[in-house]
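Okay, structure first, notes after.
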Amino acid sequence: MFLQFQGELLAPPCPCPRPLSSSSGGGGGDGIPAAARGVPYTPRPVYGGAGLLGRTVPAELRRGALVYTQPEPWALAAVRDAFEFDDDLDCGGLGGAQAAAAAAAAAVAAAAAAAGTAAAVVTLVTDVEYENLKAMAAAAAVALAEGKGQGKGHAPRAVFGIGGGTALDTAKFISAALALPLVLMPTLLSVAAGYTVAAGVREVRSCSGGTGGDGDGSSKAVSVAYVGDARPAHLLVDFDVLRAAPAALNLSGVGDLLSCYTALWDWEQAHARQGERFDGAAAARTRALLETLLSDDAADALREQTDDGLRLQSELFVEEVAICEAWGNARPEEGSEHYIGYALEQLTGAHYLHGRLIALCVVLTAAYQGQDTARIVAWLGRLGMDWSFAAVGTTRAEMRQVLLGIGDFVAKERQLLPGVFHFFGGVPEDRVDALLDVAEAPFKSAAARLRAVARSLVECERH
Ligand SMILES: [Zn+2]
C-alpha cells in the first residue's frame, strides 16, 4: 500500500457534459483519446449496501490497482473497506505543481515497490488541474510499463475512482490515458461525475487585470475542459457509503437535475425563435424526468436518503446522461441557469457547491423566463435544501451585479448556446430587484415565521 497526496483544496468543476459547440472538450494529444462519437453511453450502475465493491469487483482487478480517492473520512473509509487501507498519512504541505512532481516520482517508486504484491497504490487528490493530471498519467504509464516488464501479474490491472467528482474525474482521466479498465464508486452524489464519460479538468492561467484572484494583485483565469471517453467496467452505488456523506452534499446534486426546468425552456425557445435543431422525443423524456423529480414522493425519498431515494437520484442521473448522450450534447439539461453560475464564479473567483448554486440560479432564471417559480420553490422547501444567498455563499448585491451584466457575459462567451439572456438581454435595472425578491422571499418569510414563534414564546413566558 502506498499513499500520496497531490494538489490543493479546490471545489470540483461542473460535471455536466458540455454542448459540442463549446470550445472546451478538447481531448486529443497527451495520450487521451478523443470522445467517441456516435456511440451513446448509458450508465449501468450496480446497487447495494455495505461491501458492494468487494462483492462485485473481481479480486484480480483489485490486486495492485491504482486507486484515486479524496481525504474526506467517509471516502477513506470506503477505500479501507475494499483495499485494507492504511490511514497513516499526511495531507499537509504540498500543493499544485510541486505536489504533482512529487506524486509523479513517488508513483514510480511505489509501483516498483508494490510490483508482485497485492498492494494497491492509493493516491489522494484534491484538484483536477490538467497539468497535474498529465504528470500523474505519465508517471502511472511508467509504473505500468515497469510492472509489465517484470512479468505477468506485476502491473496494475485497473484504475479505481472512489470519492466525489475530483476522484472520479481523475480516475477517468488516468484510465483513459493508460487504457486500463475503470471502476467508479461515488461516495457522494453532489455531482454526476460518475455517470459521464468525459473527465472535467481545470486549466488555470495567471493573468492580470481580472477580477477575483488571490488578493495579491494577480488573478487566475480558470477554464474547465472535458476530455477523454472513459466508460466504467463497474459503476457501484453503495447506499451505505453514500449515507456516510453529509446529507446536504448528496442533496445538492439535485440542482443539476432541476436545471432541466430552465434548460428545456431555453432549448424550446431557441427552436421557436431561431430554428435551432430540436428533438421532440428528447424534450419529452426531459419533461418526464422533471415530472418524476418534482413530485412530493420524490422530494421525501431524496430528503430522507433512503435506499429508494438514493437509487432514484442515481437513476435520474442515468436518465439525464442518457438523454444528453442520445442527443449529442448537454442542451436538455444545461442552459441559462448555468450561465448565471459561471458569471458569478468569474466575478468573485470563488468556488461554490455546484448543485446548490444551480438550484438558486434555476429559480432566478425561471422567474426571468416567466415560468412558474412557486412550484420549484415549494418543492425545494419540501426537499429541505437551503439555496438562500447565504447558504450558496453569495449575497444579494453580488447576484444583482451578475444579473445586470449577464447579457454582456453571454455575448462574450460565444460558446454558450442561446438562452433567455440571449433573447431578452441582461436583466434591466427596473426588474432586477423583483427577480432577486423571488429568490429571497422564501427565506425571509421563513425567518419571519421563526421570529413570530419566538415572540409568541416570550409572550407565553410573560403570562
Ligand atoms: Zn452543472
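Observations, loosely collected:
- Boolean, residue 433 is assigned to a loop (DSSP other than H, G, I, E, B) and among the acidic types (Asp, Glu): no
- When each of 291, 337, 325 is tested for being under 26 Å from residue 235 (Cβ atoms) and buried (at least 18 other Cβ atoms within 10 Å of the Cβ), the lone residue that passes is 325.
- Residue tally, condition polar (S, T, N, Q) and over 14 Å from the mean Cα position of the chain (by Cα), over the range 220-277: 4
- Qualifying residue in the range 294-312 (condition: surrounded by 17 or more Cβ atoms within 10 Å (Cβ to Cβ), at negative phi and within 16 Å of the ligand (Cβ to nearest atom)): no
- When restricted to residues that are touching a residue at least 60 places away in the same chain (Cβ under 8 Å) and assigned to a helix (DSSP H, G or I), the range 305-314 contains 5.
- Which listed residue, of 240, 216, is modelled with pLDDT of 95 or more, outside the structural domain of residue 394 (by TED's automatic domain parsing) and surrounded by fewer than 18 Cβ atoms within 10 Å (Cβ to Cβ): 240
- In the range 342-360, the residues that are in the same structural domain as residue 375 (by TED's automatic domain parsing) reach residues that are of a type in the set (D, E, K, R) and away from the ligand (no atom under 11 Å from the Cβ) with C-beta atoms within less than 8 angstrom, at least six apart or across chains, in these pairs: 342/413; 344/398; 347/398; 348/398; 349/220; 351/345; 352/345; 356/386.
- The lone exception for residue 362 - which of (1) farther than 20 Å from residue 267 by Cα; (2) within 19 Å of the chain's Cα centre (by Cα) it fails: (1)
Here's the yes/no breakdown for (1) assigned to a helix (DSSP H, G or I); (2) at pLDDT below 95; (3) in contact with a His (Cβ under 9 Å, 6 or more places away or on another chain); (4) not assigned by TED's automatic domain parsing to the domain that holds residue 39:
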{"position": "266", "(1), (2), (3), (4)": "yes, no, yes, yes"}
{"position": "269", "(1), (2), (3), (4)": "yes, no, no, yes"}
{"position": "277", "(1), (2), (3), (4)": "no, no, yes, yes"}
{"position": "284", "(1), (2), (3), (4)": "yes, no, no, yes"}
{"position": "288", "(1), (2), (3), (4)": "yes, no, no, yes"}
{"position": "303", "(1), (2), (3), (4)": "yes, no, no, yes"}
{"position": "316", "(1), (2), (3), (4)": "yes, no, no, yes"}
{"position": "326", "(1), (2), (3), (4)": "yes, yes, no, yes"}
{"position": "332", "(1), (2), (3), (4)": "no, no, no, yes"}
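- Restricting the search to helices (runs of 4 or more DSSP H) fully inside the range 346-420 and requiring at least 3 residues that are closer than 20 Å to residue 273 by Cβ and modelled with pLDDT under 95 gives an empty result.
- A single member of 377, 363 is within 16 Å of the ligand (Cβ to nearest atom) and either buried (at least 17 other Cβ atoms within 10 Å of the Cβ) or closer than 30 Å to residue 303 by Cα (or both), and it is 363.
- Filter result (in contact with a Phe, Trp or Tyr (Cβ under 9 Å, 6 or more places away or on another chain) and more than 15 Å from the ligand (Cβ to nearest atom)) within the range 244-261: 244, 245, 246
- Taking residues in the range 384-396 that are within 25 Å of residue 294 (Cβ to Cβ), and partners anywhere that are among the basic types (Lys, Arg) and buried (at least 18 other Cβ atoms within 10 Å of the Cβ), the pairs with Cβ atoms closer than 8 Å and at least 6 places apart or on different chains are 385/356; 386/356; 387/356; 391/356; 392/356.
- Enumeration of residues in the range 300-324 that are touching a Gly at 6+ places or on another chain (Cβ under 8 Å), within 21 Å of residue 263 (Cα to Cα) and among the hydrophobic types (A, V, I, L, M, F, W, C): 317
- Look at (1) more than 16 Å from the ligand (Cβ to nearest atom); (2) closer than 22 Å to residue 333 by Cβ; (3) surrounded by 17 or more Cβ atoms within 10 Å (Cβ to Cβ) and you find that residue 442 fails only one, number (2).
The values are calculated or read from the model by the stated rules, or taken from the named source; none is laboratory data. In this text the structure is predicted, and so the values were computed from the model without any measurement. Neighbour counts are summed over all protein chains in view; Cβ atoms, including those assigned to glycine, are modelled from backbone coordinates with ideal geometry.
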